[in-house]
Amino acid sequence: MNKPQHPLQHYLQFKDFSAADYDYLFDRAAVIKKRFKNYEKYVPLTDRTLAMIFEKASTRTRVSFEAGMYQMGGSVVHLTTGDSQLGRSEPIEDTARVISRMVDIVMIRTFEQSKIERFAAHSRVPVINGLTNEFHPCQILADIFTFIEHRGSIQGKTVAWVGDGNNMANTWLQASEILGFKVHVSTPNGYEVDQSVAGIRS
C-alpha cells in the first residue's frame, strides 16, 4: 500500500486522518511489530527527537512513546508542568515556536483541546494528542489495532461503550464514522456524549 502524502500533518483528533491513512498505519504497525518481535534492528528515527509535554501525568503514555522512540533509534525530551512554561508565564504560541525549532515531533498530554490546537497552529513540526479532556486518539488507535490483530477488520462490526460520555467515547464515535463500524453508547443520566464536541453526525 502506498504511503499517503501530507505536508505537515498533526494528529489532534481521530478524524484528522482518513480511512486510507489508517489502513497504511495499521499495515505498517504490523510490519514494525513483527520486526521487533524477531529482534530485527529497525531504526528509521535515528537522529530524530520527540518532545513529550505532560500537564497530566501518565505511566503508560510516557513509557509507550518513550520506548517506541528509543526502539526505533530516536531520542526523547520529557517535560512536565514544572519544566515548561506552557500557557503560564509564556504564551502557548511562543512555546510552540521555540520547542518546534529544536525537535522533530511533539506529543502533548493536557487538559483543554483548545490548548493543543493553539500549540499545533504555531508549531513547525507535527503535534500528537497524547490526551485531552475532549479526545484520546492514540488510545483508540491502539485499541483498534489490537482488535484487527485478533479479529480482523473492524469494518461492519459493533462496539459497545458503557460509561461516561468522555474523551474516549468521543473518539470511538469519530473512529466509527471513518472506519465504518457501529458504536452503541450507554451513559448515566447527566453524562451523555456531547455530539457537538465529538463532531459526529447526529
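Here are the numbers for the structure shown:
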{"quantity": "Computed over the chain: relative contact order in percent, which uses C-alpha pairs under 8 Å that are six or more apart", "calculated": "19"}
{"quantity": "Cα shape, the chain, gyration tensor, a/c 1.5 rule", "calculated": "oblate"}
{"quantity": "Spin-label pair residue 164/residue 57, simplified geometry with 7 Å Cα→Cβ offset, distance in nm", "calculated": "1.9"}
{"quantity": "Helix-only CD estimate at 222 nm, as mean residue ellipticity for the chain, using -39500 (n - 2.57) per DSSP H run (n ≥ 4)", "calculated": "-13000 deg cm²/dmol"}
{"quantity": "Rounded Å value of the spacing that divides the Cα centres of the stretch 140-202 and the stretch 28-85", "calculated": "26"}
{"quantity": "Gyration tensor (alpha-carbon) shape descriptor, the stretch 14-131, a/c threshold 1.5", "calculated": "prolate"}
{"quantity": "Ordering of 57-65, 102-110 by packing [mean C-beta count within 10 Å, highest first]", "calculated": "102-110, 57-65"}
{"quantity": "Inter-site label distance for residue 27 and residue 47 at 7 Å from Cα along Cβ, in nm", "calculated": "2.9"}
{"quantity": "Pairwise FRET efficiency - residue 20 versus residue 75, Cβ, R0 = 30 Å, nearest 0.05", "calculated": "0.45"}
{"quantity": "Gyration tensor verdict on the stretch 104-194 (Cα atoms; rounded if a/c is under 1.5, prolate if a/b is larger than b/c, oblate otherwise)", "calculated": "oblate"}
{"quantity": "Among 190, 180, 73: highest mean-square fluctuation, GNM of the chain, C-alpha pairs under 10 Å", "calculated": "190"}
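Each value in this text was obtained by applying a stated rule to the coordinates, not by laboratory testing. Source: prediction; values computed, not measured. Positions of Cβ are generated from backbone atoms using ideal geometry, with glycine treated the same way; all protein chains shown enter the neighbour counts.
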